[in-house]
Amino acid sequence: MAQQDTQVMRRKLVIIGDGACGKTSLLSVFTLGYFPTRYVPTVFENYVTDCRVDGKSVQLALWDTAGQEDYERLRPLAYSQAHVILIAFSVSSPDSLHNITTKWHPEVVERCPNVPIILVGLKKDLREDPVAQEEMRKRSEKFLTPDEGEEVRKRIAAKKYLECSSLTG
């Protein structure tokens, strides 16, 4: 009888970015299958999910971190033994994209310089939302484009740039 490959690969993913950019919603939908209906700032949250990558079982530990400055001294604890870093921003917040290059990427370079980075633009559904469009117009702002995200990906040498909506997919 052939022995099955029962070895499970364990990987740690840490997601960082400005507060309220959509990090917790992304992880909640991915691991728990539902979109949170109210915003509660995260201090630290861990999710564990099993998935398959290239036909192999992977146990993925997802570390959700606080984006608020109040927790600046705690966040670096999450970086230990990370296999990949997701740096997230909201496509409805130019400031959150600006902070990638001025705050988040420098922090990653200092704390875990050899860990691969994926840049993720969140809340892409808001580009089509009339209420969000009106809010952006009132603030004299425009939604960030995929090209703007890709430009920052190149600047920080992230492996990939992706966009998604935790609400609509």
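Taken together, the values in this text are just the output of simple stated rules run on the coordinates, not laboratory data. Since this is a predicted model, take the numbers as computed values, not measurements. Cβ coordinates were reconstructed from backbone atoms using ideal geometry, including for glycine residues, and neighbour counts include every protein chain displayed.
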Q: Could you check how many residues of the stretch 103-113 are farther than 28 Å from ARG139 by Cβ and either touching a His at 6+ places or on another chain (Cβ under 7 Å) or in contact (Cβ under 8 Å) with a residue 12 or more places away in the chain (or both)?
A: 3
Q. So is ASP54 within 24 Å of THR31 (Cα to Cα), of a type in the set (Asp, Glu) and free of Cβ contacts under 8 Å to residues at least 12 places away in the same chain or not?
A. yes
Q: Being under 14 Å from the mean Cα position of the chain (by Cα), surrounded by fewer than 19 Cβ atoms within 10 Å (Cβ to Cβ) and aliphatic (A, V, I, L, M) is the filter here, so list the residues in the stretch 39-81 that pass it.
A: ALA61
Q: State whether the residues of the stretch 63-71 include one that is under 25 Å from TYR39 (Cβ atoms), hydrophobic (A, V, I, L, M, F, W, C) and touching a residue at least 24 places away in the same chain (Cβ under 8 Å).
A: yes
**Q.** Verdict on GLY22 being within 17 Å of GLU148 (Cβ to Cβ), of a type outside the set (S, T, N, Q) and crowded, with 18+ Cβ neighbours inside 10 Å
**A.** yes
Q: Give me the pairs, please: first residue somewhere in the stretch 82-102 and on the phi < 0 side of the Ramachandran plot, second residue anywhere and part of a helix (DSSP H, G or I) and among the aromatic types (Phe, Trp, Tyr), beta-carbon distance under 7 Å, and either six or more positions apart or on two chains.
A: ILE87/TRP104
Q | Number of the exception - TYR161 against (1) more than 10 Å from VAL91 (Cβ to Cβ); (2) touching a Ser or Thr at 6+ places or on another chain (Cβ under 9 Å); (3) outside any helix (DSSP H, G or I) | A | (2)
